[in-house]
1. Extending each Cα 7 Å along its Cβ direction at A126 and V69, get the distance between those two points in nm, one decimal.
2. Tell me, what HN-Hα J-couplings in whole Hz come from the Karplus equation 6.51 cos²θ - 1.76 cosθ + 1.60 at θ = phi - 60° for each residue of segment 197-207, using x for Gly and Pro?
3. Between Q109 and S157, what FRET efficiency comes out of the Förster formula 1/(1 + (r/R0)^6) with R0 = 41 Å and r the beta carbon distance, rounded to 0.05?
4. Do you know the relative contact order of segment 80-192, to the nearest whole percent, from alpha carbon pairs under 8 angstrom that are 6+ apart?
5. What is the distance in Å between the Cα centroid of segment 108-124 and that of segment 147-224?
6. For T46, list long-range residues whose amide hydrogen, built 1.01 Å from N in the peptide plane, is under 5 Å from its own amide hydrogen.
7. Quick check: from the Cα gyration tensor, does segment 118-224 come out rounded (a/c under 1.5), prolate or oblate?
8. Given labels modelled 7 Å from the Cα in the Cβ direction, how far is it in nm from I62 to V185?
Amino acid sequence: MRQRAYRVVVLVAASLSACAVCAAQSTAIAPAATVARPSAQRLALTLTEALARAEASPDLVIARAARRVGESGLAVAGAPAAPALNASTHSITARLGLSLAIPIRYAGQRGSALEIARAERDAAAAETAAAVDRAREQVTAAWFRLAANQELETLASARVARVDRTASAVKALFEAGRVPRVDLVKAQAEAATVQAEVFFAAAERRAASAQLAFLIGAPVLGEL
């Protein structure tokens, strides 16, 4: 029996351009997340697709930039120092003087600079690898949080209809004098509680959507 891929909805800004989403081939049920845009457009993502977008995580982008800086620093440390050309004039003798200075690194200065640059580059590379793992963990946690909140909101919304019908029936019975006022108050209180649960679930779902959108590099809706 083929299993359906589960998706979550993430709300993202309208300025988000359509980008290719990595197709997920999975035999297990994979939830999908949707990122909302200001134009109310939605992007449904499976967990695999969300992880494919983890490369855009802000922490990972910063770590990779630091790694490029480290690589550039190694190239600079190994390059010879630039020569300096100086010109001077003498007002009395009317002479022009030119001098060329070529810095020479001695006593292992170049080797030490290279070692330091290599260490900084390697540290940046290690941090990038750690950032990849962190980004994937954060995206996974955010995706499951959004999936859970979407389900809770759906269940709470479905419960609202049932409780409202019950409250209406109790009200009709009360008006007919068949039940005491306490039953009506209880039914109305339960309806208000369920409405509050829907409001809270929707707020949690929007917060989870904003968090996942941020982690995958998507512009978040201003209202979030």
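1. So the two model labels end up 1.8 nm from each other.
2. Once rounded to whole Hz, the list reads 5, 5, 4, 5, 5, 5, 5, 5, 5, 5, 5.
3. Working: r = 70 Å, r/R0 = 1.71.
The pair S157/Q109 has a calculated efficiency of 0.05.
4. On the way: 49 pairs, mean separation 15.5, N = 113.
Normalised by residue count, the contact order of segment 80-192 is 14 percent.
5. 60 Å
6. Here the answer is A33, since their amide H atoms fall under 5 Å of that of T46.
7. Values: a/c = 5.77, a/b = 4.72, b/c = 1.22.
Because a/c hits 1.5 or more and a/b exceeds b/c, segment 118-224 counts as prolate.
8. Distance between label points: 5.5 nm.
Read-outs: derived from the displayed coordinates by stated rules, not from any lab. On a predicted model such as this, the values are computed, not experimentally measured, just so you know. Cβ coordinates were reconstructed from backbone atoms using ideal geometry, including for glycine residues, and neighbour counts include every protein chain displayed.
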